[in-house]
Amino acid sequence: MGFSTDNLKGLVLALLSSGFIGASFIIKKKGLRRAAAASGIRAGVGGYSYLLEPLWWAGMITMIVGEVANFVAYAFAPAVLVTPLGALSIIVSAVLAHFVLKEKLHSLGILGCVMCIAGSVVIVIHAPQEREISSVQEIWKLATQTAFLLYVASVIVLVFVLIFHFAPRYGHTNVLIYTGICSLMGSLSVMSVKALGTSLKLTFEGMNQLIYPQTWFFMLVVLTCVITQMDYLNKALDTFNTAIVSPIYYVMFTTLTILASVIMFKDNHCPRITPNM
């Protein structure tokens, strides 16, 4: 359970990521409001006029910068360290929402921010040391374990049920619908990002992983999950207050990601044992 140099790199990148992502929620929210005022069609009811709004794109670019930092962080540190540090993005968005969007931060919100900081500190102190992974094929073996495949199948079924049954009926009145879709897809995207980031890291170190089809499969999964997340996160932000969406999304996303990480990388927090020959 040591705190290695790689963990430190992952920590710094995760902190930078949280700042950019937290700010992006506010910028995108203002862009969504401006687009809705100009077109009369909100993103929450299926409108896409925000794609023509420069402010929304500014928020999107800010989020991409944050996600890139997050992406690289997963290549250095375990998901159970990187993901919970996203709590700091909630603090950034909550404070900015209070001053920029005029969404009042109440005493319970302040208490929640303090608890997020305390929880992040505890996680950083007790962050596990990951076993070194030597190839994308090793990650593929972890991803094709029976337990993880069952988790993936469960997520896919739940997402389809939420999208086609619950979202049309309750999406505009229950914040858990849109955030649930984002969080479920997010747990899969994080595992794929972890795999893809590790593959690229190994490639840059001289062990080319781009020759393996598994690397490209993980990239496809990342793109699919991220596009779905962005669509429903926009719907959530347009329909509900940022101060409501951000913490609920964070808690659900973090919980599901840690669960997925425990299932997929459960043996990856132990040192490698080499038998004597």
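The values are calculated or read from the model by the stated rules, or taken from the named source; none is laboratory data. Here the structure is a predicted model, which means the values were calculated and not measured. Cβ placement follows ideal geometry from the backbone for every residue including glycine, while neighbour counts extend to all protein chains displayed. Remember, those area values only see protein heavy atoms, side chains included, never the ligands or the DNA or RNA. Shrake-Rupley method; radii C 1.70, N 1.55, O 1.52, S 1.80 Å.
Below are the figures for this structure:
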read-out	value
Accessible surface, segment 1-100, averaged per residue in Å² (probe 1.4 Å)	42 Å²
Average Cα contact separation per residue, the chain, under 8 Å, 6 or more apart, as relative contact order %	26 percent
Square roots of five times the Cα gyration tensor eigenvalues for segment 1-142, Å	33, 21, 11
Segment 31-171, relative contact order in percent, only Cα pairs under 8 angstrom and at least six apart counted	16 percent
Mean Cβ neighbour count within 10 Å, used as a protection proxy, ranking 189-200, 236-247, 84-95 highest first	189-200, 84-95, 236-247
Under 16 Å, Cα to Cα: Lys pairs in the chain, sequence gap 8 or more or different chains	13
Protein accessible area in segment 10-102, 1.4 Å probe - carbon and sulfur %	75 percent
Packing-based order for 171-179, 209-217, 20-28, using average beta carbon neighbours within 10 Å, highest first	20-28, 171-179, 209-217
Length released on extending from Val95 to Val12, taking residue separation times 0.36 nm less the Cα-Cα span	27.8 nm
Extension gain from Leu111 to Thr173, taking 0.36 nm per residue of separation minus the Cα-Cα distance	19.7 nm
Relative packing of 139-149, 72-82, which averages over residues the other C-beta atoms within 10 Å, highest first	72-82, 139-149
Using a Förster distance of 30 Å, the FRET efficiency for Thr203-Ser4 (Cβ separation, nearest 0.05)	0.90
For segment 21-29, 3J(HN,Hα) per residue [Karplus equation, 6.51 cos²θ - 1.76 cosθ + 1.60, θ = phi - 60°, Hz, x = Gly/Pro]	5, x, 5, 5, 4, 6, 4, 5, 4
Among Thr215, Phe20, Phe76 - extreme Cα towards positive end, dipole of the chain, charges at beta-carbon	Phe20
Option label - Cα Rg over 2.2 N^0.38 Å computed here, alternatives (1) 1.02; (2) 1.38; (3) 2.76	(1)
